[in-house]
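Chemist: Pasting in a structure now, in structure tokens, and then I'll have a few things to ask.
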Amino acid sequence: MFKKLLALALVAIMCVSIFACTPPEDELKGMSEAPMPAATITKDFEIDADFKLGVICLHDEQSTYDLNFLNAVYAVQEAFGLSNSQVIVKTMIGEDDTCYQAAADLVDQGCTLVFANSFGHESFMIQAAKEFPEVQFCHATGTQAAAENLPNYHNAFASIYEGRYLAGIAAGMKLNEMIEAGKFTAEEAKIGYVGAFTYAEVISGYTSFYLGAKSVCPTVTMDVQFTGSWFDITEESNAAKALIARGCKLISQHADSMGAPSACEEAGIPNVSYNGSTYQTCKNSFIVSSRIDWAPYFAYIIKCVNTDAAIDTNWCGGIKEGSVALTGINLDVAAEGTVEAIKAAIEKFKAGTLNVFDTNNFTVNNGTKPTSHQVGGVEVIENGIFKESKVQSAPYFDLRIDGINLLNEEYGE
């Protein structure tokens, strides 16, 4: 209960929930409005009196990744009028048998819907789903739901590669501004990226970010430094510092602590963060942040359980569903015209005229245009577009494209 109360307090303080609790105006005076409206959650069904949701998190509120999930859980709890006894959260649950034990305990407490948020939780969630067929189990970033074909086990993700691409546009425009100001040449336009592991999820993320930057700054290159951990403040800070030392002019990340953003603020290097705004602590470096808004998915699965509707085996929300979100843009750091450029790209995404992984925009193996790629025996390049969400909800883009240099790939295994 204490952790839940702490999380609720942090929701109000950090203000990244779907209800966008806005901090005092003087704390956000340099920020634009978010380029996309926040997801709207409405309740048009009845919730069973004995309904309970159980949530399993890898870390706690100190992790930006886990806090993003908790924000969504508590926002939907408020929107749906669920009591504290109907939402049970377990944090600091490792990617081991403790996940199964946590799931079993949630079932014992009466949960009819259990959700876990980390890739390594999957096998233990499947184990629980097989043991408790009357309970629905949902899992973020997993890949095995279709193969397992269990009626009570489901995977979910979002097309966050679109949000990463939009954030990349902001990065590329900042590079252009610094080039025009004479801070470095176009050939020196290099960005750095702190990645946790060499999983497809991370590859998809850093590639889409790079392609967004490249769409406005054609000469950009990128170095990627892996940490081998989702949450390690020291390693993430050290990785950012190493990238800066290698001449990277801007840093982004797919890692869960404040290590990289804080290192950028200290060094005076622009930063594009992930899973929430760092504006209040990094006013001189923060530009924008993308994230998955999990509130639409929590609303969806709660409705399914309470109306006896089937839950998608692989669910993937996008901009239309409000599952891809951007913070406001720090106008004191971002290049002029960034807000307008991102809004223009959003409209292209909505119209279907912009595709992140258009093979006309990148090459592999020193100049080769990819024409075919299979995932699980399914062709995923269609009409020159790599279809990231065709086979499953979780990312599977794992091409190593030209222009991106992996510094310590073996460390991120």
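Every read-out reported here was derived from the displayed coordinates using simple, explicitly stated rules and does not represent laboratory data. Bear in mind the structure is a predicted one, so any value in this text is a computation, not a measurement. Positions of Cβ are generated from backbone atoms using ideal geometry, with glycine treated the same way; all protein chains shown enter the neighbour counts.
Chemist: Given R₀ = 25 Å, FRET efficiency for Thr371-Asp402 by Cβ-Cβ distance, to 0.05?
Modeler: Working from the Cβ atoms, E equals 0.95.
Chemist: Can I ask one more? Of all GluC sites (Glu not before Pro) in segment 327-387, which ones are in loop regions per DSSP and have a Cβ with at most 15 other Cβ atoms within 10 Å?
Modeler: Loop-located and lightly packed - Glu336.
Chemist: Then there's this: Could you list the trypsin sites (Lys or Arg not before Pro) in segment 265-367 that lie in coil according to DSSP, counting only those with at most 14 other Cβ atoms within 10 Å of their Cβ?
Modeler: Answer in residue order: Lys320.
Chemist: Report the label-to-label distance for Ile385 and Ser32 in nanometres (one decimal), using points 7 Å from each Cα along the Cα→Cβ vector.
Modeler: 2.5
Chemist: Quantify how much of the Cα-Cα distance distribution of segment 42-182 extends past 18 Å, in percent.
Modeler: Percentage above 18 Å: 62.
Chemist: Among Thr40, Thr353, Ala79, which residue has its Cα furthest toward the positive end of the charge dipole of the chain, with +1 on Lys/Arg Cβ and -1 on Asp/Glu Cβ?
Modeler: Value: Thr353.
Chemist: Size of the dipole of the chain about the Cα centre, Lys and Arg at +1 and Asp and Glu at -1 on the beta carbon, nothing else charged, in debye to 20?
Modeler: 840
Chemist: List the equivalent ellipsoid semi-axes of segment 287-413 in whole Å, largest first, each obtained as the square root of 5λ for an eigenvalue λ of the Cα gyration tensor.
Modeler: They are 28, 24, 16 Å, listed from largest to smallest.
Chemist: For a footprinting-style exposure proxy, rank Ile342, Ile179, Ile56 by other Cβ within 10 Å, fewest first.
Modeler: Final ranking by Cβ density, sparse to dense: Ile179, Ile342, Ile56.
Chemist: Once every Cα of segment 60-110 carries one equal point scatterer and solvent is ignored, give the base-10 log of I(q)/I(0) from the Debye formula at q = 0.26, 0.31, 0.32 Å⁻¹, two decimals.
Modeler: -1.08, -1.12, -1.12
Chemist: Another question about this same structure. Run the reach check for Lys214 against lysines, Cα to Cα strictly under 21 Å, same-chain hits fewer than 8 apart removed. What comes back?
Modeler: Counting by Cα, and skipping residues close in sequence, Lys214 has these lysines nearby: Lys174, Lys183, Lys190, Lys249, Lys343, Lys348, Lys350, Lys369, Lys387.
Chemist: Distance from the Cα centre of segment 200-274 to that of segment 144-175, in angstrom?
Modeler: Using only Cα atoms to place each centre, the spacing works out to 18 Å.
Chemist: Report Rg(Cα)/(2.2 N^0.38 Å) for segment 134-268, keeping two decimals.
Modeler: Cα-based Rg divided by the globular estimate yields 1.23.
Chemist: Moving to a separate point now. Could you put Thr327, Thr234 in order, starting from the residue whose Cβ has the fewest other Cβ atoms within 10 Å?
Modeler: Thr234, Thr327
Chemist: Give me the tail of P(r) for the chain as a percent: Cα-Cα pairs with distance above 35 Å.
Modeler: The share of Cα pairs beyond 35 Å in the chain comes to 24 percent.
Chemist: Right, something else. Can you pull out the chymotrypsin sites (Phe, Trp or Tyr not before Pro) in segment 89-185 whose DSSP state is coil and whose Cβ has at most 14 other Cβ atoms within 10 Å?
Modeler: Sparse-neighbourhood loop chymotrypsin sites (Phe, Trp or Tyr not before Pro): Phe184.
Chemist: Still on this model: For segment 245-355, with only Lys/Arg (+1) and Asp/Glu (-1) charged at the beta-carbon, what is the dipole magnitude about the Cα centre, in debye rounded to 20?
Modeler: 200
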